[in-house]
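The structure appears below as structure tokens.
The values are calculated or read from the model by the stated rules, or taken from the named source; none is laboratory data. Quick caveat: nothing in here was measured; it's all calculated off a predicted structure. FYI the Cβ positions are ideal-geometry reconstructions off the backbone, even for glycines, and counts take in every protein chain you see.
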Amino acid sequence: MEKILVLDFGGQYDQLIARRVRELNVYAEIRPYNRITPEEIRAEGYVGVIFTGGPNSVYDPASPHCDPAVLKLGIPILGICYGHQLLAWAAGGEVCTAAEKSEYGKVTVNVKKPESILFDGIPAESVCWMSHTDFVKQVPEGFSVTAVTGACPCAAFEDPERKLYGVQFHPEVTHTEYGFRMIGNFVLKVCGCKAEWRMDDFCRKSLEEIRAKVGDGKVLLALSGGVDSSVCAALLAEAVGSNLTCVFVDHGMMRKNEPEEVREAFSRWNINFMGIDASERFLERLRGITEPERKRKIIGEEFIRVFEDAAKQIGSVDFLAQGTIYPDVIESGLGDAAVIKSHHNVGGLPDFVDFREIIEPLRMLFKDEVRQLGRELGLPEPLVKRQPFPGPGLAIRVMGDITKEKLDILREADAIFREEVDAFAARGKLPEAASQYFAVLLNTRSVGVMGDARTYGYTVALRSVTTDDFMTADWTRLPYELMAAAGTRIPNEVRSVGRVVYDITSKPPATVEWE
Ligand code: XMP
């Protein structure tokens, strides 16, 4: 399989570089700069290397450097930002660390060598996104400058003979107008990739690998109903059928119809599905608890206890499967730490489950690729498209103490709100995408009037956020008609709700969830 190596020097956008390459249907992997040797790059069959950005200065002795022999492999290299400076430095050029003017943000780049393959099909002047102080002052012998900006005499350079290219700006971010095209020019035209990486291939290969590894062994998976664990379950179900046991713990704090939908989605495979209704047990432990952190802790612990009981019932298990995905792997350092993180995904299970090995079939996929794989495996669209849902579930959306009555009220109100948002989205009537939307049941009652009688009902808060990464978020500007529909339907259809409000705080200062 053709693959591109993204050599990581600590840049902020490394994941984006790999994403862009994969969007071209070429497989890309991120590896830390010091965890792969030039011999391994050749032996592992990479057809191109991209040096990422990074916060350092090349002359700083503590800065990350790769073996300069990488430049002699004859494999095309594209250096980005710090990677561009490193390439210049390693090839004998000069980097200036005392620029008079730093460039941050959008900058106009002028192409000086229109015949450069990297700028093929790109206008002479375009907007690129920069973030640097250092710059390449003197290009190495054999290189020529291919683009400049007002403040940067070498915004791009190349040695097409040796297939070495560098850009000071970031082509991987969408603010760089023609960035995707530049990456495409490098990957497809310089490296000569044929763009054959497809999800159905990945699916087929993964099935073969899982079968070869698992043989007749037994696999255990904790299925939460979230996208990652559901797709992982579908892949394993397809690969090993009845040797798979999925344990689905219903803690009683799922959304409306969620446990049934999960069961239904997996009923077509001949797997062992162990659905455990542990709602009474969880409610009992949560009785009278109002402090959000206590709620979270209790649910986490109780989940492990329930899973522990299930694992004992099932007996000896050879493999524990987890739905770890690529961002989890990257965030945990791409090294040994990845395993520790994946243990966390299922709440510390490996301490007590008797298994031989962990298998993580999605560990090389990004979230949207996981969704694509789910579709490939025939999972229903609502499951594949599911918005994020916190592990503690509705417990952290019922303010104050949790009772079955409050959970039922919230489930109904939440279902109505989500139905309305989905309907508006389906009709193309949302001015901006709603990334996560749900209802919260407040601990405040208020006075109202219904059918000439006084009411004293619960207050439901509606929350919808628009975000890319959930680290920061803005409240969604939902259309008034949608809010009007939800504001009418919820008190009319859900007994005990007397008032509906909309949350207009961004994150920060608020968080997405209320607890
Ligand atoms: P906050 O409230 O921290 O939420 O702004 C950011 C995103 O994380 C989700 N979230 C959780 N997900 N377990 C999870 O798996 C949790 O305990 C948890 N708490 C928050 C939240 O729904 C949002 O998408």
| field | Residues located in the stretch 70-124, provided they are closer than 14 Å to Cys154 by Cβ and part of a strand (DSSP E or B) | value | Gly79, Ile80, Glu94, Val95, Cys96, Glu103, Val107, Val109, Asn110, Val111
| query | Does Cys96 fit the bill of being in the same structural domain as Gly11 (by TED's automatic domain parsing) and buried (at least 24 other Cβ atoms within 10 Å of the Cβ)? | reply | no
| remark: Picking from Phe424, Phe438, the residue that is surrounded by 15 or more Cβ atoms within 10 Å (Cβ to Cβ) and out of contact with any strand residue (DSSP E or B) (no Cβ under 7 Å at 6 or more places or on another chain) would be Phe424
| message | Could you check the stretch 462-497 and list, in sequence order, the residues that are among the aromatic types (Phe, Trp, Tyr) and modelled with pLDDT of 95 or more? | response | Trp475, Tyr480
| said: Tell me which helices (runs of 4 or more DSSP H) are completely within the stretch 193-269 and hold 1 or more residues being within 16 Å of the ligand (Cβ to nearest atom), or say none if there are none. | reply: 227-240, 258-266
| Members of the stretch 333-370 that are at pLDDT below 60, closer than 21 Å to Phe9 by Cα and not in a helix (DSSP H, G or I) | Gly333, Leu334, Gly335, Asp336
| Residue in the stretch 99-134 that is surrounded by the most Cβ atoms within 10 Å (Cβ to Cβ), counting only those that are more than 22 Å from Leu164 (Cβ to Cβ) and β-branched (Val, Ile, Thr) | Val107
| remark: Of the candidates Val173, Val167, Val190, the one satisfying the condition of being of a type in the set (A, V, I, L, M, F, W, C), under 24 Å from the mean Cα position of the chain (by Cα) and at negative phi is Val173
| request: Among the residues of the stretch 283-306, count how many are assigned to a helix (DSSP H, G or I), closer than 21 Å to Leu442 by Cα and in contact (Cβ under 8 Å) with a residue 40 or more places away in the chain. | output: 6
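Let's see how each residue does on (1) over 28 Å from Ala212 (Cα atoms); (2) in contact with a Ser or Thr (Cβ under 8 Å, 6 or more places away or on another chain); (3) aromatic (Phe, Trp, Tyr); (4) buried (at least 19 other Cβ atoms within 10 Å of the Cβ):
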residue	(1), (2), (3), (4)
Ser242	no, no, no, no
Asn257	yes, no, no, no
Phe273	no, yes, yes, no
Ile299	yes, no, no, yes
Phe307	no, no, yes, yes
Ala311	no, no, no, yes
Asp318	no, no, no, no
| query | Can we say Asp469 is within 16 Å of the ligand (Cβ to nearest atom) and either surrounded by 17 or more Cβ atoms within 10 Å (Cβ to Cβ) or not in a loop (DSSP other than H, G, I, E, B) (or both)? | reply | no
| Any residue at all in the stretch 123-130 that is at pLDDT 95 or above, over 34 Å from the mean Cα position of the chain (by Cα) and acidic (Asp, Glu)? | no
| request: Search the stretch 136-192 for residues being of a type in the set (Asp, Glu) and in a strand (DSSP E or B), and hand back the single one that is nearest to Tyr82 (Cα to Cα). | output: Glu158
| message | If I ask for residues that are within 10 Å of the ligand (Cβ to nearest atom) and within 23 Å of Ala433 (Cα to Cα), which ones from the stretch 361-397 would you list? | response | Gln387, Pro388, Phe389, Pro390, Gly393, Arg397
| field | Matching residues in the stretch 398-435 - criterion: being under 20 Å from Gly226 (Cβ atoms), away from the ligand (no atom under 16 Å from the Cβ) and of a type in the set (D, E, K, R) | value | Arg411, Asp422
| field | Selected residue [of a type in the set (Lys, Arg), under 30 Å from Lys297 (Cα atoms) and away from the ligand (no atom under 12 Å from the Cβ)] from Arg454, Arg445 | value | Arg445
| remark: The condition of being buried (at least 23 other Cβ atoms within 10 Å of the Cβ) and either among the hydroxyl-bearing types (Ser, Thr, Tyr) or within 25 Å of the chain's Cα centre (by Cα) (or both) holds, among Met253, Met199, only for Met253
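Residues checked against (1) hydroxyl-bearing (Ser, Thr, Tyr); (2) surrounded by fewer than 24 Cβ atoms within 10 Å (Cβ to Cβ); (3) touching a residue at least 24 places away in the same chain (Cβ under 8 Å):
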position	(1), (2), (3)
Ser206	yes, yes, yes
Ala212	no, yes, no
Asp216	no, yes, yes
Ser229	yes, yes, yes
| query | Got a sec? Which of Arg20, Arg35, Arg42, Arg31 is assigned to a helix (DSSP H, G or I), at pLDDT below 95 and either under 27 Å from Phe366 (Cβ atoms) or over 28 Å from the mean Cα position of the chain (by Cα) (or both)? | reply | Arg20
| message | Going by what's in this entry, would Gly53 be described as outside any helix (DSSP H, G or I), assigned by TED's automatic domain parsing to the domain that holds Trp129, of a type outside the set (Lys, Arg) and surrounded by 22 or more Cβ atoms within 10 Å (Cβ to Cβ)? | response | yes
| message | Please count how many residues of the stretch 472-486 are surrounded by 15 or more Cβ atoms within 10 Å (Cβ to Cβ) and in contact (Cβ under 8 Å) with a residue 40 or more places away in the chain. | response | 5
| query | If you check Lys137 against the conditions, is it surrounded by fewer than 21 Cβ atoms within 10 Å (Cβ to Cβ), in contact with an Asp or Glu (Cβ under 7 Å, 6 or more places away or on another chain) and more than 24 Å from Gln372 (Cα to Cα)? | reply | yes
| Top-ranked residue in the stretch 487-515 [being assigned to a loop (DSSP other than H, G, I, E, B) and without any contact (Cβ under 8 Å) to a residue 12 or more places away in the chain; ranked as nearest to the ligand (Cβ to nearest atom)] | Thr511
